[in-house]
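Trainee: Could you have a look at this structure, given as structure tokens, before my questions?
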Amino acid sequence: MDILTYVAAKLSGFPENRVFGSGTTLDSARLKYLLGEHLSVDARSVHAWIIGEHGDSQISAWSSANVSGVPLSDFREMRGFLDHEENMMRIAEDVKDSAYTIIEKKKATYYGVAMAVRRICEAIIRDEKSVLPVSSIQHGAFGIEGVALSMPSIVGKYGVEKNIPMSLSEKEQEELKKSALALQDVLSSLDL
């Protein structure tokens with residue numbers, strides 16, 4: 001999806017902000033749902049993102065996750081969860097593997113993707129200026145240049161208006177750079 005987003009942006013002739021992919025919108029929704037379930041709180045109160053590639057190198061941005069403004073680490077302690085790291089790793093893997101599980105059972109993931117695309121279309125049609133983790137060509141965030149990947153972005157009637165700056169741990173920044181490099185390797189093999 002990220003490669004197709006990049007190619008479409010380069011070949012279409014449209015401004016880059018008008019060409020973007022669904023990115024990790026569905027993955028982030030799954031993350032919020034699983035976190036809400038784990039913490040016994042309404043998933044609509046969970047603010048967490050999957051960033052980077054929509055695929056195997058995606059990153060759960062735990063350091064910026066919160067529940068209604070309360071950092072995830074503080075909220076989990078309030079709720080009495082002690083085995084947090086193990087649970088977070090399991091949840092991240094469940095999110096990453098969910099598409100494979102769904103394809104195995106249903107032979108496709110089109111319902112979830114359709115819901116994510118519907119949400120993005122609403123943001124565009126209503127000019128909501130919603131923050132969604134869509135895939136767009138990056139220019140400088142965390143040293144990433146010229147590759148399409150997912151970052152939280154303001155989405156409205158003109159497309160991606162702006163990427164939202166995020167606080168990431170050093171480990172998450174390194175993982176994001178690795179995700180970008182994996183995509184860059186594929187792009188370098190294309191004749192564009």
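Trainee: Tell me whether the range 52-61 contains one or more residues that are part of a helix (DSSP H, G or I) and within 19 Å of the chain's Cα centre (by Cα).
Mentor: No, the conditions are met nowhere in the range 52-61.
One line per residue, one yes/no per condition, for (1) touching a residue at least 12 places away in the same chain (Cβ under 8 Å); (2) surrounded by 17 or more Cβ atoms within 10 Å (Cβ to Cβ); (3) acidic (Asp, Glu):
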position: GLY80; (1), (2), (3): no, no, no
position: GLU85; (1), (2), (3): no, no, yes
position: MET89; (1), (2), (3): no, no, no
position: ALA92; (1), (2), (3): yes, yes, no
position: LYS96; (1), (2), (3): yes, yes, no
position: ILE120; (1), (2), (3): yes, yes, no
position: LYS129; (1), (2), (3): yes, no, no
position: GLU145; (1), (2), (3): no, no, yes
position: ALA148; (1), (2), (3): yes, yes, no
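Trainee: Okay, next question. Is at least one residue of the range 98-115 in contact (Cβ under 8 Å) with a residue 40 or more places away in the chain, in contact with a Ser or Thr (Cβ under 9 Å, 6 or more places away or on another chain), assigned to a helix (DSSP H, G or I) and farther than 23 Å from LEU39 by Cβ?
Mentor: yes
Trainee: Run down ARG30, ARG76 and say which single residue is of a type in the set (D, E, K, R), in contact (Cβ under 8 Å) with a residue 24 or more places away in the chain, over 22 Å from VAL186 (Cα atoms) and touching a His at 6+ places or on another chain (Cβ under 9 Å).
Mentor: ARG76
Trainee: Considering only residues of the range 27-77 that are surrounded by fewer than 23 Cβ atoms within 10 Å (Cβ to Cβ) and of a type in the set (Asp, Glu), which is nearest to ALA114 (Cα to Cα)?
Mentor: ASP56
Read-outs throughout are calculated quantities, based only on the coordinates presented, and are distinct from any laboratory measurement. Here the structure is a predicted model, which means the values were calculated and not measured. Because the Cβ atoms are built from the backbone with ideal geometry, glycine has one as well, and the counts that use them run over all protein chains shown.
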